[in-house]
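One structure is given below, encoded as structure tokens.
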Amino acid sequence: MSAIAAWRLVRQDLQVTDLDEVLGIEQAAYAHPWTRGNFIDSIAAGHTVWGLREPLSGELLAYLVAQRVLDECHLLNLTVARAHWGRGLGSDFLQTLHAQERAQGVTQMFLEVRLSNDRAIALYQRLGYRDVGLRKGYYPDGDNAREDARVMRLDWGTLA
């Protein structure tokens, strides 16, 4: 049974009023977090912006942002609160997005991930994502430094 089903977690569309909680998780998770403006722009653009909450406490456990363009979807941000790492939430949450996107005619998913983010890379590979490119200097990484990103794709047309 999936972590989402086992916990009976609640998936919801996030609104601007949820951003204080989102930013608390974002800033704890990343040295170079998204800004409030990044999230506001995503909501205003009509991107998929979901939160995953524990129903009794209402605690925000994870969130994701994805952008659909024609038959492709680009995962822009997937973050699980550190206190909830290792419970399968990221995997289940992403698979929920996959199911929705496939049902709406999406044939492939794309994402970028820091080369140093072994945990996320392992998750994406387990779910069938494969390397399709490298973006040099994509992520900020300290004073004037940049880190490369792996570009990964999940192509449902090639899965058995």
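The values are calculated or read from the model by the stated rules, or taken from the named source; none is laboratory data. Quick caveat: nothing in here was measured; it's all calculated off a predicted structure. Cβ sites come from the backbone with ideal geometry, for glycine too, and all protein chains shown count toward neighbours.
Taking the criterion of being exposed (fewer than 13 other Cβ atoms within 10 Å of the Cβ) and more than 15 Å from the chain's Cα centre (by Cα), would at least one residue in the stretch 144-153 satisfy it?
The answer is yes; a qualifying residue exists.
Taking the stretch 28-37, which residues are assigned to a helix (DSSP H, G or I) and surrounded by 12 or more Cβ atoms within 10 Å (Cβ to Cβ)?
Ala28, Ala29, Arg36
Among the listed residues Gly90, Gly46, Gly58, identify the single one that is modelled with pLDDT under 95 and at positive phi.
That would be Gly58, the only listed residue that is modelled with pLDDT under 95 and at positive phi.
Could you tell me whether Ala99 is in contact with a Phe, Trp or Tyr (Cβ under 9 Å, 6 or more places away or on another chain) and closer than 17 Å to Leu123 by Cα?
no
As an exercise: evaluate Ile25 against (1) buried (at least 19 other Cβ atoms within 10 Å of the Cβ); (2) touching a Cys at 6+ places or on another chain (Cβ under 9 Å) and give the number of the one condition it does not meet.
(2)
From (1) surrounded by 15 or more Cβ atoms within 10 Å (Cβ to Cβ); (2) under 15 Å from the mean Cα position of the chain (by Cα); (3) not charged (D, E, K, R), pick out the condition that doesn't hold for Thr107.
(2)
Out of the residues in the stretch 112-130 that are closer than 20 Å to Arg68 by Cα and in contact with a Lys or Arg (Cβ under 8 Å, 6 or more places away or on another chain), which is surrounded by the fewest Cβ atoms within 10 Å (Cβ to Cβ)?
The extreme case among them is Arg130.
Out of the residues in the stretch 47-66 that are without any contact (Cβ under 8 Å) to a residue 24 or more places away in the chain and in contact with a strand residue (DSSP E or B) (Cβ under 9 Å, 6 or more places away or on another chain), which is surrounded by the most Cβ atoms within 10 Å (Cβ to Cβ)?
By that ranking, first place goes to Glu59.
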